[in-house]
């Protein structure tokens, strides 16, 4: 019997599971990876922890293994229904879990960064490359080009160089002057993030000798079968083309929305971070009373804040379950809220220094890579049809119908709808997310029928 | 300001578009009011089966006329709508099931219908090599097939617009009244007036009928569909079975489309459907049982749309017995797609000439209505 199902064994999920178990609730944790840690602490048990944050992650994973409840690794959640009823597959077999509460700790994904040619082999995301570096020690054979903006770009550059890789150059899309504009938020950021700031500065200095093209406003990956060169345009109007075999891109991270969307949670637009996020109350409770959300899946704040928000949601669930009085819950969450507020002040600085760029999307861009629908096709389908939303344009162009479930094009579709219809991003809406949220075979689905 | 026309069509699904198209091509000015967007519900989520196979007797005359139109669909809407006539087969898994199919064919022959044929196990295997080996035969309509809903909808919309239909999206009808031979349709701050009215409001058509004074009870159908990743050519005809809830075909994109009528949870008021994974699993199990090679295929999407379900699971198409100049097109019960071209013609004929060239008497709304107004037999057009 499971009281609480935690989806995701990253920092938020692990810390919530530990606290929930401690408060006497029976927890089951499902996670798609083979070992705990989430993306940020991927394979943390089998590699050396670098720095304080990773040591915290390794310690958390060790405690989670011991006292974190029932842990189901390599398990995919592919459907969430009212109840809540959560459908998972593990080792090719499907089953239903019927907890009383669900905590979504599904983390973040990289913001899709579409530009012409981004579908070519040889172009991938920095986050994807970082996972390969962390889990498989994969280092690109040739010097890589990095394009985009954000702390993860700096971190990966540092990690790659430390691991013996080489960087050909950086195409920096960070708006000119954003770091200066962020300076006024620096004092607020220091108490929570001085270590991160110091590390970031060191990474930045470490890149000083790397060829860097600043103020990049447009990119194009060029090649017939695979990437051969990169064309770029800068704010001053300069253009250039550099030969390249591997281009890694990054434009920040956004909450991974598919689980909360599928569960019917209400979402809102976060303008500072240019993303949709689930609406949660002070305890992490979503608009669906049985569903709580913690960590980057609720709002992007990083791993340390995710640990705190996991603890906060654990108190929220214990309170909702009658295990903790309202008064005790308030007392228990007060220090957590202070920490989260401090983390938010740090985040405000980061968001100012590295604001989401969202480069313009030229018509030639293959917005939906699965179904090969271009931005031009999508714009023309939308033009003159103000009642055509994400699902309407999906039917008209097949954009969003493919195997990635709109993870690569959903946010960009939302942008184009807002652009063409002249409405806000929240009003523009998102693709309707349906089962299966994760890869599921016919045989696996059929196994659910055989089991019942 | 009141916008006026000769006819108002309520509902921008395929039936509304087809009716509007046929009216407009006969020189009638048409306003089409769609609450959401064209093809939002049943039409946009249709599996697009073009099937006369195993249809109820009352639907057969119009279905067979429609079939002729599908075979020449390009001349109607300027696009072939992805239609391909690879046949539809109902498979028998036992001799007892095959006997049921034989009895049906015998009954049809007696009534003069020859489009359905029995095929034996050898021919079945030849036509559907991937099918499980235990199947003993089946029922086939060779001229049946399937289309692509995502091509059909834009083709009908383009044709309707080209014929001069005024299409309003985002205009939901809130009230109907009829005075001195004119229908008045209230929709938010807009109003439309016309002597002729078509109710093609899909799962919500019962409510529109009630506004016009006709009580036509409808339930809701929300059949779930599964679509897999793309694979090499695997099956050409559309396959259903006697004993299982299954409809199985391959799209022109290479994906497998698996239906069968398992129902999603649904809510008419919020216009939403929710996939019921336990029921969906039965659909997948039926597919895997009939096509053992597909168990490892990945499911890419699932969906469900909302359609009106009539008490006898048969379409409701006919003039209102009580209100003049009103045509009902509703209750398609999940299999209205094939009827789209011919019912558009029948609607125009009934509204403009009072008679349909194809017999659709068996689909008249009266059969489902609690009370039939006296003196409205003029509506019972016969062909």
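No lab work stands behind these numbers, since they all come straight from the coordinates. None of the values given here were measured: they were computed from a predicted structure. Note: ideal-geometry Cβ built from the backbone for every residue, glycine included; neighbour counts use all protein chains shown.
Computed over the Cα atoms of chain B, what is the convex hull's projected area averaged over all directions, in nm²?
18.3 nm²
For residue B:215 and residue B:252, FRET efficiency with R0 = 51 Å and r from the beta-carbon atoms, rounded to 0.05?
0.75
When the expected Rg is taken as 2.2 N^0.38 Å, what fraction or multiple of it is the alpha-carbon Rg of segment B:227-383?
So the Cα radius of gyration is 1.32 times the expected 2.2 N^0.38 Å.
Nearest 10 degrees, 0 to 90: what angle lies between the long axis of helix B:14-25 and the longest principal axis of chain B (Cα atoms)?
50 degrees
Calculate, axis by axis, the spread of Cα positions in segment B:93-224 along the three principal axes, and write the results as whole Å, longest axis first.
In descending order, the Cα extents are 63, 32, 31 Å.
For q values of 0.14, 0.15, 0.23, 0.30 Å⁻¹, compute log₁₀ I(q)/I(0) with the Debye formula on a Cα-only model of segment B:60-116, without solvent.
Rounded to two decimals, the profile gives -0.56, -0.62, -0.96, -1.18.
Once you have the Kirkwood Rh of segment A:112-251 from its Cα pairs, apply Stokes-Einstein at 37 °C and 0.692 mPa s and quote D in µm²/s.
208 µm²/s
Please list the three semi-axes, largest first and in whole Å, of the ellipsoid equivalent to the protein assembly as shown, using sqrt of 5 times the eigenvalues of its alpha carbon gyration tensor.
Each semi-axis is √(5λ); the values are 53, 30, 27 Å.
Need one number: nm distance between label points at residue B:296 and residue B:174, each 7 Å from Cα along Cα→Cβ, rounded to one decimal.
For residue B:296 paired with residue B:174, the spin-label model returns 5.8 nm.
Grab the DSSP H runs of chain A that are 4 residues or longer, score each as -39,500 (n - 2.57), total them, divide by all residues and round the 222 nm result to the nearest 500 deg cm²/dmol.
Helices in chain A give a 222 nm mean residue ellipticity of -12000 deg cm²/dmol.
In whole angstrom, how far apart do the alpha carbon centroids of segment B:1-18 and segment A:314-344 sit?
56 Å
Could you tell me the calculated FRET efficiency between residue B:68 and residue B:109, based on Cβ-Cβ distance and R0 = 22 angstrom, to the nearest 0.05?
Calculated transfer efficiency: 0.60.
How do the peptides A:335-348, A:280-293 rank, highest first, by the average count of neighbouring beta carbon atoms within 10 Å per residue?
Highest mean packing first, the order is A:280-293, A:335-348.
For a distance above 26 Å, tell me the whole-number percent of Cα pairs in segment A:41-175 that qualify.
In whole percent, the long-distance tail amounts to 43.
For segment B:207-270, taking Cα atoms only, what is the radius of gyration to one decimal and the Dmax to the nearest whole Å?
Cα only, segment B:207-270: 17.0, 53 Å (Rg, Dmax).
By what distance, in whole Å, do the Cα atoms of segment A:1-109 stretch along each of the three principal axes, largest value first?
Sorted largest first, the three principal extents are 42, 31, 23 Å.
Can you compute the modelled spin-label distance between residue B:134 and residue A:325, with each label point 7 Å from Cα toward Cβ, in nm?
Reported label-point gap for residue B:134 and residue A:325 is 6.4 nm.
Which values of log₁₀ I(q)/I(0), to two decimal places, follow from the Debye formula for segment A:120-176 at q = 0.15, 0.17, 0.18, 0.31 Å⁻¹ with a uniform point scatterer at every Cα?
-0.39, -0.51, -0.57, -1.58
Hey, got the average number of other protein chain Cβ atoms within 10 angstrom for residues in B:270-278?
Mean partner-chain Cβ count within 10 Å for B:270-278: 5.
If you stretched the chain out fully between residue A:74 and residue A:341, how much longer would it get, using 0.36 nm times the residue separation minus the C-alpha to C-alpha distance?
Extra length from residue A:74 to residue A:341 when fully extended: 92.7 nm.
Looking only at other chains, what is the average number of their beta-carbon atoms within 10 angstrom of each beta-carbon in B:29-37?
The shielding value for this peptide is 2.
Share of antiparallel DSSP beta bridges in chain B, in percent to the nearest 5?
70 percent
log₁₀ I(q)/I(0) of chain A at q = 0.12 Å⁻¹, via Debye over equal Cα point scatterers, no solvent, to two decimals?
Once normalised to I(0) and log-transformed, intensities are -1.09.
Test of understanding: extend the Cα→C-beta vector of residue A:222 to 7 Å, then name every residue of segment A:101-127 with backbone N under 14 Å from that spot.
Only A:116-117 pass the distance filter.
Please list the equivalent ellipsoid semi-axes of segment B:81-158, computed as the square roots of five times the alpha-carbon gyration tensor eigenvalues, in descending order and whole angstrom.
For segment B:81-158, the semi-axes come out at 28, 18, 9 Å.
What percent antiparallel are the DSSP beta bridges of the protein assembly as shown, to the nearest 5?
The antiparallel fraction comes to roughly 60 percent.
From the Cα trace of segment B:1-145, what convex hull volume per residue do you get, rounded to a whole Å³?
Normalising the Cα hull of segment B:1-145 by residue number yields 146 Å³.
To the nearest 0.05, how large is the calculated FRET efficiency for residue A:179 and residue A:450 if R₀ is 56 Å and r is the Cβ-Cβ distance?
E(calc), rounded to 0.05, equals 0.45.
Between the helical axis of B:340-353 and the dominant principal axis of chain B, each derived from Cα atoms, what acute angle in degrees is found, rounded to the nearest 10?
Its long axis makes an angle of about 30 degrees.
Other chains near A:395-408: what is the mean number of their Cβ atoms within 10 Å of each residue's Cβ?
Going residue by residue through A:395-408 and averaging, the value is 3.
Tell me, how many Å apart are the Cα centres for segment B:262-314 and for segment B:136-192?
If you average the Cα positions of each part, the centres end up 24 Å apart.
If eta is 1.002 mPa s and T is 20 °C, what Stokes-Einstein diffusion coefficient results for segment A:366-428, Kirkwood Rh from Cα pairs, in µm²/s?
The Stokes-Einstein estimate is 192 µm²/s.
Roughly what angle does helix B:149-162 make with the longest principal axis of chain B, taking Cα atoms, 0 to 90 degrees, to the nearest 10?
With rounding to tens, the tilt is 30 degrees.
Could you give the nm distance between label points at residue B:122 and residue A:204, where each point is 7 Å from its Cα heading toward the beta carbon?
8.1 nm
If each residue's Cβ is checked for other Cβ atoms within 10 Å, how do B:73, B:360 rank with the fewest at the top?
Going from sparsest to densest Cβ surroundings: B:73, B:360.
Rounded to the nearest 500, what is chain B's calculated 222 nm mean residue ellipticity when only DSSP H runs of at least 4 contribute -39500 (n - 2.57) each, over all residues?
Computed mean residue ellipticity for chain B: -8000 deg cm²/dmol.
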